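For reference, the structure discussed in these notes is given below.
The values are calculated or read from the model by the stated rules, or taken from the named source; none is laboratory data. Values in this document were obtained by computation on a predicted structure and should not be read as measured data. Glycine also receives a Cβ, built like all others from the backbone with ideal geometry; neighbour counts cover every protein chain displayed. Ligands, DNA and RNA are excluded from the accessible area calculation, which covers all protein heavy atoms including side chains. Shrake-Rupley method; radii C 1.70, N 1.55, O 1.52, S 1.80 Å.
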Amino acid sequence: MEKREIVIIGAGPAGMAAAVRLNELGYRDVLVLEKENSAGGVLRQCIHSGFGLTKFGKNYTGPEYRHIYEEMLLNTDVGLMTGATVMEAVSVDTYNCSCSPEERINDSVLNVVVRAQTASGAESFAASAVIIASGCRERGRGALGIAGTRPAGVFTAGTAQGMMNLRNVKVGNRVVIIGSGDIGLIMARRFTLEGSRVICVVEKENVCGGLERNRRECLVDFGIPLLLNTVVCRINGRKRVTSVVIRNEDGAEKEVECDTVIISAGLEPEDSFAEKNTKGMFYCGNALYVHDLVDDVSECGENTAMDVAGFLLAQMKKKDFDSAFSSENIEEMRKKRRDYVAKIRIEKNNTKDEGRYIVCTQCPNGCRIDTQNFTGGKCEKGAVFARDEVENPKRILTSSVRISGSERTVSVRTEEAIPLSQIMQSMKVINTMHVAVPVHTGDVICENFNNLGTRLIATGSEMSMNP
Ligand SMILES: Cc1cc2nc3c(=O)[nH]c(=O)nc-3n(C[C@H](O)[C@H](O)[C@H](O)COP(=O)(O)OP(=O)(O)OC[C@H]3O[C@@H](n4cnc5c(N)ncnc54)[C@H](O)[C@@H]3O)c2cc1C
Ligand code: SF4
């Protein structure tokens, strides 16, 4: 069994941030285990912008945000083992391994054993501290209990996003989306940009679940209806979905023709492999609880790393150390988060504004600007933003461009925001473009994209034509 001071499970933004911070704190024996072939987690498939506003004051796409942390990680002594799926993380006692409590690594007692399936077979690691940074999993159709048949064409939002953005697969033509959380909203826009028709987004609650900026930029921009207080109660179709039945709060039912149903009905922390109440085990990112913003996920990774350092230090001095991120306190943290989310939902419901206000999306403060007198912003950017929104709304266009001679794509964005009115026509141009490999993040794909006076730049990297 290999001995390590700290093992991190998952190389998404949370795991990468924790690893980088531990390295800054002087820990040199840190190993990150990642089941995919590269680091980045969900960010790899989130080709839209909206990442990094708090952390970096910039509006990055998911792959760009990932690139920043990947570079930081590569500049550390942290070990990254990809293709390593963790099957179990348990206390040394539960594992009943040969490590005695007195056995130490770098003066730290070994507390946790991690078993992983790696490229070279099953491997076990004994560590003083383990950070669970394995993200979350999506709730599927089973969790919603929707009646009807079991045809093809029903996908969770994350699965559909991965198919479209990582594998360039067309998922469907006429789409109904269940759930108005951020992922559902972002997928509504993505399907629309790719030429599919999103018939509606159905939400069982009385308010939109996602961020205001996403509601505006993903639904309002494209005229996609959001049906509140409504559920999908039946899915019809033999081989492929042919329709769904939706039911509103009055009990009235209506059949809606579609060939695709996207389920975006919530996420659950993914820690099924981890023993509960285990000393030396810590959580961060979406494995702790589901965060809205990646910036908060990164901060959470850094905070957990600080607590792990505190724990290891206390252990050396044979002292106790209490951490909000520890396995022992995890349920309390999750309960606090549930209470907070419920409070925000109530507040959101109380501030419905019938279109008079625009939420400034220039920073996470999200000030509500009155469109009658352009007041309400905490800084002068608010009035400028709201005026532009009313008179000439502009958006950064994010999409992907086909790699020459391959079915694969590389993610791209316009460097500057372009008029909203030009977005759909610009997508047609993007769909005719090809780019030769290798392509690196930041490479200019086109100097004067669609004669709009902005460059089209790569937000991801592709080194070869093959996966
Ligand atoms: C569709 C979508 C849109 C989003 N939009 C935005 C946005 O606009 N702005 C924003 O700020 N945030 C956004 N987010 C949120 C943000 O991307 C996530 O909160 C963030 O990626 C979570 O980071 P994480 O590291 O906790 O988890 P993940 O990114 O899920 O990373 C977890 C990692 O752990 C690995 N892993 C899991 N299980 C194991 C195992 N058993 N063994 C080894 N490795 C394992 C996974 O492969 C993965 O690499 C969005 C998320 C989604 C899904
Ligand atoms: S007006 Fe508010 S939301 Fe907009 S940039 Fe200023 S502080 Fe941020």
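Let's see how each residue does on (1) closer than 23 Å to Cys218 by Cα; (2) in contact (Cβ under 8 Å) with a residue 60 or more places away in the chain; (3) outside the structural domain of Asn59 (by TED's automatic domain parsing); (4) more than 24 Å from the chain's Cα centre (by Cα):
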site: Glu407; (1), (2), (3), (4): no, yes, yes, yes
site: Ser411; (1), (2), (3), (4): yes, yes, yes, no
site: Glu415; (1), (2), (3), (4): yes, no, yes, no
site: Ser426; (1), (2), (3), (4): yes, no, yes, yes
site: Pro438; (1), (2), (3), (4): no, no, yes, yes
site: Val444; (1), (2), (3), (4): no, no, yes, yes
site: Glu447; (1), (2), (3), (4): no, no, yes, yes
site: Asn450; (1), (2), (3), (4): yes, no, yes, yes
Original post:
Restricting attention to segment 278-294, which residues are touching a helix residue (DSSP H, G or I) at 6+ places or on another chain (Cβ under 7 Å), open to solvent by 30 Å² or more (accessible area, probe 1.4 Å) and touching a residue at least 60 places away in the same chain (Cβ under 8 Å)?
Top reply: Asn286, Asp292
Original post:
Before we move on, is Asn431 over 20 Å from Glu70 (Cβ atoms) and open to solvent by 50 Å² or more (accessible area, probe 1.4 Å)?
Top reply: yes
Original post:
Quick check: anything in segment 141-163 open to solvent by 40 Å² or more (accessible area, probe 1.4 Å), touching a helix residue (DSSP H, G or I) at 6+ places or on another chain (Cβ under 6 Å) and either closer than 26 Å to Ile330 by Cα or within 16 Å of ligand 2 (Cβ to nearest atom) (or both)?
Top reply: no
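If I ask for residues that are modelled with pLDDT of 85 or more and either more than 25 Å from the chain's Cα centre (by Cα) or within 16 Å of ligand 1 (Cβ to nearest atom) (or both), which ones from segment 361-377 would you list? Steps first, answer last, please.
First pass over segment 361-377, keeping only residues modelled with pLDDT of 85 or more: 367-377.
Within segment 361-377, Arg368, Ile369, Asp370, Thr371, Gln372, Asn373, Phe374, Thr375, Gly376, Gly377 qualify.
Can we say Phe325 is surrounded by 15 or more Cβ atoms within 10 Å (Cβ to Cβ) and either over 18 Å from Ala133 (Cα atoms) or in contact with a Leu (Cβ under 9 Å, 6 or more places away or on another chain) (or both)?
Values: surrounded by 15 or more Cβ atoms within 10 Å (Cβ to Cβ): yes; either over 18 Å from Ala133 (Cα atoms) or in contact with a Leu (Cβ under 9 Å, 6 or more places away or on another chain) (or both): yes.
Yes.
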Original post:
Only one of Arg115, Arg189 is part of a strand (DSSP E or B), open to solvent by 20 Å² or more (accessible area, probe 1.4 Å), at pLDDT 95 or above and among the basic types (Lys, Arg); which?
Top reply: Arg115
Original post:
If a residue has to be in a loop (DSSP other than H, G, I, E, B) and at pLDDT 90 or above to count, how many in segment 438-467 make the cut?
Top reply: 14
Original post:
Looking at segment 381-395, is at least one residue at negative phi, within 16 Å of ligand 1 (Cβ to nearest atom), among the aromatic types (Phe, Trp, Tyr) and surrounded by 11 or more Cβ atoms within 10 Å (Cβ to Cβ)?
Top reply: no
**OP:** Just one of (1) within 16 Å of ligand 2 (Cβ to nearest atom); (2) in contact with a Ser or Thr (Cβ under 9 Å, 6 or more places away or on another chain) trips up Gly377, so point out which.
**Re:** (2)
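Select, from Asn373, Asn365, the only residue that is at negative phi, assigned to a loop (DSSP other than H, G, I, E, B) and surrounded by 12 or more Cβ atoms within 10 Å (Cβ to Cβ).
Going through Asn373, Asn365 in turn, just one is at negative phi, assigned to a loop (DSSP other than H, G, I, E, B) and surrounded by 12 or more Cβ atoms within 10 Å (Cβ to Cβ): Asn365.
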Subject >> Residue check for Met333: at pLDDT 90 or above, more than 23 Å from Gly52 (Cβ to Cβ), within 24 Å of the chain's Cα centre (by Cα) and more than 10 Å from ligand 1 (Cβ to nearest atom) >> reply: yes
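For segment 271-293, check the following and say yes or no: at least one residue is among the β-branched types (Val, Ile, Thr) and under 20 Å from the mean Cα position of the chain (by Cα).
So far as segment 271-293 goes, yes, one or more of its residues are among the β-branched types (Val, Ile, Thr) and under 20 Å from the mean Cα position of the chain (by Cα).
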**OP:** Output the number of residues of segment 25-58 satisfying the condition of being in contact (Cβ under 8 Å) with a residue 40 or more places away in the chain, of a type outside the set (S, T, N, Q) and closer than 18 Å to Asp77 by Cα.
**Re:** 10
Subject >> strands (runs of 3 or more DSSP E) wholly inside segment 1-86 that include at least 3 residues being of a type outside the set (A, V, I, L, M, F, W, C) and closer than 20 Å to Val114 by Cβ >> reply: 2-9
Subject >> Among (1) modelled with pLDDT of 90 or more; (2) on the phi > 0 side of the Ramachandran plot, the one test that Gly355 misses >> reply: (1)
Original post:
With Ala324, Ala383, Ala342 as the choices, which residue is within 16 Å of ligand 2 (Cβ to nearest atom) and either among the hydrophobic types (A, V, I, L, M, F, W, C) or not assigned by TED's automatic domain parsing to the domain that holds Gln45 (or both)?
Top reply: Ala383
Original post:
Scanning for something aliphatic (A, V, I, L, M), in a loop (DSSP other than H, G, I, E, B) and more than 16 Å from ligand 2 (Cβ to nearest atom), does segment 294-310 turn up at least one residue?
Top reply: no
**OP:** Quick one: count up the residues across segment 231-277 that are assigned to a loop (DSSP other than H, G, I, E, B), of a type in the set (Val, Ile, Thr) and buried (at least 22 other Cβ atoms within 10 Å of the Cβ).
**Re:** 1
